[in-house]
Ligand SMILES: *Cc1c(COP(=O)(O)O)cnc(C)c1O
C-alpha cells in the first residue's frame, strides 16, 4: 500500500516512509491510497470475536502485507492488552471506556501501536536511532512516552508547556527516564507545536538526525483507533442491539479520533453519523457551520485535552469525506462552554452514578442534544475522571478515587530539562543529545 500526501496527492511513499517522515516536507499529511473495505460477513459476524482478533483482522487487511502477519499479530496483542468496556447507560445509550490503558487516556491505543510498528521497522536497520518529537498539552506526551518506554533504537523528546499540563500528566512522562526526555518549554502548547514543526522542516537537522512525529500527524496512529469503533459495534451485535441507526459522539481537538471513526466507516462499519463535540476552541464547528476553516490561537478550558486552535487532522477529514456539504451529511458539529461541562458531569453523576472526565462530558452532552428517537448512541469516554480530579470534584462535590496506576506515576522521580530559548535551544539540545 502507498500513502499519499494530502497537499500533493501525486506524491506517494511507503508505509515505512510515512511513519518515519511523520509529515510530508510541505506540511501535508499521509493517507492510505485506498481504504480497504472489510468484507460484509466479517462485519456482521464480529459478535464472538475478541478485541485483539478484531484488531488483527483490520490491521492485516488495511496494511496489505507491509508488515508480516506474525509480527502484526504480536503488535496488536501487545497494544490491546487492556479492556475497552462498552457500558449501557439507559435504553439506547452507551459509553465506550477507552481509558484503561497505561496512562488512562484513549491515546494509549494509537501510541502503543505506533511505537511497536516503529520498533519493527527500526529492528530492520541496525544502528539507526529514531528521534520522536512530541509536543503535548498533556495526554499525547504521556501516552507516546509510555508507548515507547524501553523501545530500543528510539528516543522520545516530549515538549510541553511549563504551566500547561497537570501534575499527574507531567509525572506520566517525566518520571520514565531512559529513552524518554521531558523538555519543559517556557511558552504555550501552540509554541511547543511550532517548535516541533520547525524541527521537522529544518533540512540541515533532518540530514543529521532521523526525526519523526508521534502526534496524530503520524498515520500509524489512525489505524489502531479504528479498532475500537469496530469493537464497540461487535459488542452491540453480541447484545442484540445492533439494528438501529448508530450515532457516535467524539470529543474533538485535533480530529484524530474523528478521522479514525470516519476511516472505520469507510472500511465498512455501519455508523450513521458522528457528533463532533468541541469546547470553545470550536474551529471545526465553525467550519461545519460556515464552510470556512479558520484556525486561531487556542484558549484554555476545563477540558484541556480539547484546547487546540489548529486541528491537525482537518485535511484527513476532508480527504475522507469531501467538501463541507458532504461533511455535514456525516458529521453533526457541536460546541460547549465550561459551564456546560460542569453541569453535564454533575447531571450524569446524579442520574447514573457515573463519573465522566471533562472531555467525555462534552461528548455526552453533544450526543444527548443530537440523538433522535429510534437511534442508538455511543459516547467515546477518552480519559479516566481521576486524571482531571479537580474539575470532576468541583462538579460533583465528591472526591475522586485515584487509581493505583496513576498513584505509581506520582511516586516516581521527575527528570525535567528546561528549554528557554526557543528553536535555537531545541536544535542544539537535539544535536548534542544525539552525539552522546
Ligand atoms: C487527545 C484527546 C482528545 C482529542 O482527540 P483528537 O484526536 O485530538 O481530536 C479528547 N479527549 C482526551 C482525553 C484526549 O486526550
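Take the residues of the range 116-130 that are without any contact (Cβ under 8 Å) to a residue 40 or more places away in the chain and closer than 23 Å to residue 143 by Cα: which is surrounded by the fewest Cβ atoms within 10 Å (Cβ to Cβ)? That would be 123.
Under the condition of being crowded, with 22+ Cβ neighbours inside 10 Å, over 17 Å from the mean Cα position of the chain (by Cα) and assigned to a loop (DSSP other than H, G, I, E, B), the residues counted in the range 207-256 number 0. Taken together, the residues in the range 86-103 that are modelled with pLDDT of 95 or more and either away from the ligand (no atom under 14 Å from the Cβ) or farther than 21 Å from residue 226 by Cβ (or both) amount to 7. The residues of the range 218-257 that are on the phi > 0 side of the Ramachandran plot and away from the ligand (no atom under 16 Å from the Cβ) amount to a single one, 240. Condition check for residue 261 on (1) free of Cβ contacts under 8 Å to residues at least 60 places away in the same chain; (2) within 19 Å of residue 55 (Cβ to Cβ); (3) outside any helix (DSSP H, G or I): one failure, at (3).
Scanning the range 366-408 for residues that are under 12 Å from residue 168 (Cα atoms) and away from the ligand (no atom under 16 Å from the Cβ), we see that the one that is surrounded by the most Cβ atoms within 10 Å (Cβ to Cβ) is 402. The residue list 295, 270 contains one member that is surrounded by fewer than 17 Cβ atoms within 10 Å (Cβ to Cβ), within 15 Å of the ligand (Cβ to nearest atom) and at pLDDT 95 or above, which is 295.
The values are calculated or read from the model by the stated rules, or taken from the named source; none is laboratory data. Values in this document were obtained by computation on a predicted structure and should not be read as measured data. Neighbour counts are summed over all protein chains in view; Cβ atoms, including those assigned to glycine, are modelled from backbone coordinates with ideal geometry.
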